[in-house]
1. With label points built 7 Å along Cα→Cβ from the Cα atoms of residue 159 and residue 411, find their separation and express it in nm.
2. Would you mind checking the pairs 252/534; 119/534; 252/593; 112/512; 24/119 and listing those with alpha carbons more than 28 angstrom apart?
3. Report the local net charge at residue 602: Lys and Arg +1, Asp and Glu -1, summed over other residues whose C-beta lies under 12 Å from its C-beta.
4. Among residues other than residue 552 whose Cβ falls under 13 Å from its Cβ, what is the net charge (Lys/Arg +1, Asp/Glu -1)?
5. Roughly what would the spin-label model give for residue 732 and residue 18, points 7 Å off Cα along C-beta, in nm?
6. In nm, to one decimal, how far is the residue 351 label point from the residue 288 one, both placed 7 Å along Cα→Cβ?
7. Nearest 20 debye, what's the magnitude of the dipole of the stretch 316-429 about its Cα centre given +1 on Lys and Arg Cβ and -1 on Asp and Glu Cβ?
8. Given 5 Å bins starting at zero, what is the percent of C-alpha pairs of the stretch 316-429 in each, up to the one with the largest pair distance?
Amino acid sequence: MPSSVSDALHERGVDVEHLLYCVKADLNKEGHYVDVHMTFDQGALYILQGYDAVAQDYFQVVDYEEIDIKNIEDLYIDRQIHTARLIVREENREYEIARFSLGKSEQFEQFKDRLLKTKNNEPIDDTDLKNREEFCPKCHNRYPNRERKVCPNCLDKGSTFKRLLGMYMRYKKEFIFVMAMITASTLFNLITPYFSAQLLYDEVLTKGGSWYGKVTAIVLLIAGIRFIGIVLSAIYGIVLARMTPKITRDIKVEIFSKLQTLPVGFFSSKQTGSLMARVDQDATNIYWFFVDVVPYAIVSIVTIIGLLGLMLFINVWITIVMFTGVMITVVILKRFRKKQRKLHRRKHHAVRATNALISDSLNGQRVVKAFAKEDQEIGRYTIKNQEFYDVSLHLGERSANMFPYVRMISRASDTAVLAIGAFSILYGNLTLGSLYALFSYTSMIQNSITFLANMGDRWARCIDAASRMFEILDTFPSLREAAEPIQRDVLEGDIVLDNVSFEYEVGRPILKHISFNIEKGQMFGIVGKTGAGKSTLIHLMSRLYDTTEGTITIDGVPIKQLSFESLRKNIGIVSQETYLFIGSIAENIKYAKPDATMEEVIFAAKAAYAHDFIMKHAEGYDTIIGSGGVNLSGGEKQRLSIARAILQKPSILILDEATAAMDTQTERKIQEAIENLKEGRTIIAIAHRLSTLRDADKLAVIENGELFEMGTHEELIEKQGKYYELHKLQTEAIKFIEEG
């Protein structure tokens, strides 16, 4: 709570130390954007309304309201199209106390629940509340991942890098060896200018020098030093090149393995391309940072420290002049890079938008041709390409205009060093060899500082990649196995749903208080309009999601107590969205049972009426399907999916619109196959075509997330309820098509 709000409450006699929870609405009752702070204690609810929603240094109260909690019978949220209202129900009336944007719904659900629990003297689970926090307390931005609770804006990049470095410390010996080789190689590079400049000019080429005339010896010495430096560099390069791919491999395996443990809900909220990028591109960015940046950053730091000491020892004033010029250049480059990064981001967005348009247009060529929109597509592409051209031109012009200034400062610094050095030589304060050495050192320091100044982009990319990687690794699965799960090799298939409710978002129930039971060996049909909650219901029965309220049991055991292995082994699912992996037909069918024999594969294919079309292909069961392979029709893919489920031999078979992509003749064959599989197996089927479920032992009609009615086909027709209406509509539609 802002201090200005607590001050306003304190002025009104409220003991702020005993406040339990607070929330902020962003609208007033008229729908205007206004800051409205709400909080409560054991006795009352306090509402403070400010002037407007614009950020202010101090919150000023315009309206104040206090409601006795004892008078509140209930609270509920009334959701509208873009906004929602918090309604208080008292004994003889209902009235609105807050209005807010839909994005704040979950916060107000928490506020409502805590207030009602406080009123009823019920315990409040602070752990659950903390787990549901959505916003960073520091910058108040929403967490990308609420379970991880890491804000990218407030992320400590140093700690992220330290954690990433910890992964490299798994190979501690190799890492220490590489660091030692880098340091040794750098030291050899540092002493090279001393021998090639100071020693050569002052001692070898100058009469009276201690090495005068020994040119061959000094050349061999310099060559030897350089050779040793090169060998050391090669050694650490080879070791690093071998070590870093191991780390990258481990990172990719770790991310991919973590993804396999996450529930379906995690993937439904993420783009596949984004997850692929985290497994591949982010790991690759980290790899190149440690191969291309880290070694040279260490070299640069050691070089700068070592050379500054040497240069100060040789001549303080020349060192100061040189370093001043270098730092001015670095400051200019950093400011330039900062502006360039914005342009690079614009360029990246332009490239991404252009590529997306190209992909969209190429994938939709049938539609483009059908509506003769070729010119329109060319126009769209021209606009996007022009945006890319404009930002590329701006980047090029800025670079062309900037670097002459940088070169001018560098040349001015070199000229000043030359002038000071020349006068120092004339007055006997400096030797020619020392001046040459200083020039060499200056160039080496300039290169090192420039490298460190320019590594910011690579550093940012690495930290961003690491942050995205750790986001996955730190995700705590919302769907977790029991501490001591019950293992059942075979489930009988008796299923009971008791008062089951479910919501993807707090306050938006998808299923409400559903109860029914399915007996072993029954075929149970679920019907209803699109969006009624049918697929969600079977996802709960297979525990792809957990219920919000109520329990589901299989063979009398709560589904949450059964091991994942028991559930996955005994529940087979054939969904409307069929997915086949790249590989042979046999491999796709055997995915459910890798050790299956070809006889079992063929039996499953025949049971799913897939054998005949498989054998029409020259390679038969060895036919490659998927990317680069044979294209199958929707019905053929679905039959392979059914064969895969049959091979699994599940106790419970779930068919989610499994025959939707098939013609009437094939659908009849599949129904016959399902009938043959019913013995000793529970089958749960969803279908829009009610004819598919005509022979079901029991039918459940779901309407708006509730169980509307249940019975056999004949019982529901006789009842003339919702099922009767759906059946009548479909019968009339089929009759109209046949007559037409």
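Values quoted throughout were computed directly from the atomic coordinates according to the rules given, and no laboratory measurement underlies them. Computed from a predicted model, the values in this text were never measured in an experiment. Every residue, glycine as well, gets a Cβ built from its backbone with ideal geometry; the counts of neighbours run over all protein chains shown.
1. Here the modelled spin labels are 5.0 nm apart.
2. On the way: 252/534 36 Å; 119/534 37 Å; 252/593 26 Å; 112/512 20 Å; 24/119 20 Å.
Correct reply: 252/534; 119/534.
3. Details: positive: 590, 606; negative: 599, 600, 612.
Overall, the nearby charge balance is -1.
4. On the way: positive: 543, 560; negative: 494, 498, 546, 549, 555.
Its environment carries a net charge of -3.
5. 6.5 nm
6. In this crude spin-label approximation the distance works out to 0.9 nm.
7. Working: 19 positive and 8 negative charges, 90 e Å.
The dipole of the stretch 316-429 has a size of about 440 debye.
8. 2, 10, 13, 12, 10, 9, 8, 7, 6, 6, 5, 4, 3, 3, 2, 1, 1, 0
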